[in-house]
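Since the structure comes first, as structure tokens, the remarks are kept for the end.
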Amino acid sequence: MAYDSLHDALMNLPAAGPTGFEGLVRDVLTEVSGSAFRLMKSGPQGGVDAVGEPVANALAIGIEGKRYGATTRLPLDALKSKLRDAAASFPALDLWVLATTRPIDGGDERALREIGADLGLDALVLDWPEGSAVPPPLAILCAAAPTSTAHHLPADPTVIADLARVRGDGFYLAELERLRERLRDPVIGLAATRSKLRAWVREHLGDAASARMAFDSAAVLEKDGVKRVARPAIEGALDAWWAAPVRPLALLGKEGMGKTWALFAWWLGKVDADPDFPSPSCFRRRTSTPSTQRP
């Protein structure tokens, strides 16, 4: 295995606690990302070993550390449960980081990212692949945090040499920047949220009862058999407004004239042409009943 001395030093750390593997992962992530993290107490931890300090961080990040050997099983179902627990325990979580001393299968990593997307967060795997020309992500993280690694790892010349070899690798700088971007990305979860919102709007435009509840309208433009009627004048006005939206726009007309239909027909046309077109924020009108009580 490449960088064997560094890997052995990580494996010789206690699995948990501030002086163990969990503490090292917390500290190297702090040093590399500039974010502050605190370790969770032992026992049920809600799918993370450490969480980002909410005041210090722009993003809410949870860390799960697994100091396992290459032959130790790390079942995907267990990792999925950890990810779901983290999302349930920390609803504001933006990024879930899995740091482990063993390889994670590419299919497993993809599955974790897909589940994370469904939950509205990103999943980042820092593992130790075998046979790759690129240094392991966890090794890159350690090499980029000399203060933390000096604190946690022994001053062994072979370990120091491994860290220097990682920093001298031709892939190091690009891979480190990629990791930093993942740790600082201000739009983590945005793509998944936008996709879910588009699907939600389309679903509610396919059923009259759902459309009435969601939009206070029977605009069933996505219902089977319904044909959209082009309204060039309205669509042209909406296009002109969208090209330079310097002020709010309102569609005016009597009740039942098709204002909601026209707006959603225009939006569906835009989304069909460009899947990245922004999704609407939908607010159902509230009808208040005058109170019979005196103030």
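Measure up K196/K227; K82/K196; K223/K270; K227/K254; K223/K259 against 20 Å on the Cα-Cα distance and list the ones that go over.
Pairs exceeding the cut-off: K196/K227; K82/K196; K227/K254.
Where a ≥ b ≥ c are the square roots of the eigenvalues of the C-alpha gyration tensor, would you call the stretch 88-160 rounded, which needs a/c under 1.5, or, failing that, prolate if a/b is larger than b/c, or oblate?
Oblate.
Calculate the length of the line joining the C-alpha centroid of the stretch 242-282 to that of the stretch 102-171, in whole Å.
Centre-to-centre distance over Cα atoms comes out at 46 Å.
Among T158, S132, T147, whose Cα sits farthest toward the positive end of the charge dipole of the stretch 4-188 (+1 at Cβ of Lys/Arg, -1 at Cβ of Asp/Glu, about the Cα centre)?
Value: T147.
Taking a ≥ b ≥ c as the square roots of the Cα gyration tensor eigenvalues, with a/c under 1.5 meaning rounded and otherwise prolate when a/b beats b/c, else oblate, which class fits the stretch 4-188?
rounded
Sorted from largest down, what three extents in whole angstroms do the Cα atoms of the stretch 191-273 have along their principal axes?
35, 32, 21
A208 to L249: extension gain in nm, 0.36 nm per residue of separation minus the Cα-Cα distance?
Roughly 12.2 nm would be gained on extension.
Dipole size in debye (nearest 20) for the stretch 130-247 around its Cα centre, Lys and Arg Cβ +1, Asp and Glu Cβ -1?
580 debye
Read-outs throughout are calculated quantities, based only on the coordinates presented, and are distinct from any laboratory measurement. Just so it is clear, the model here is predicted, and its values are computed rather than measured. Methodologically, a virtual Cβ is constructed for each residue, glycine included, from the backbone with ideal geometry; neighbour enumeration extends over all protein chains shown.
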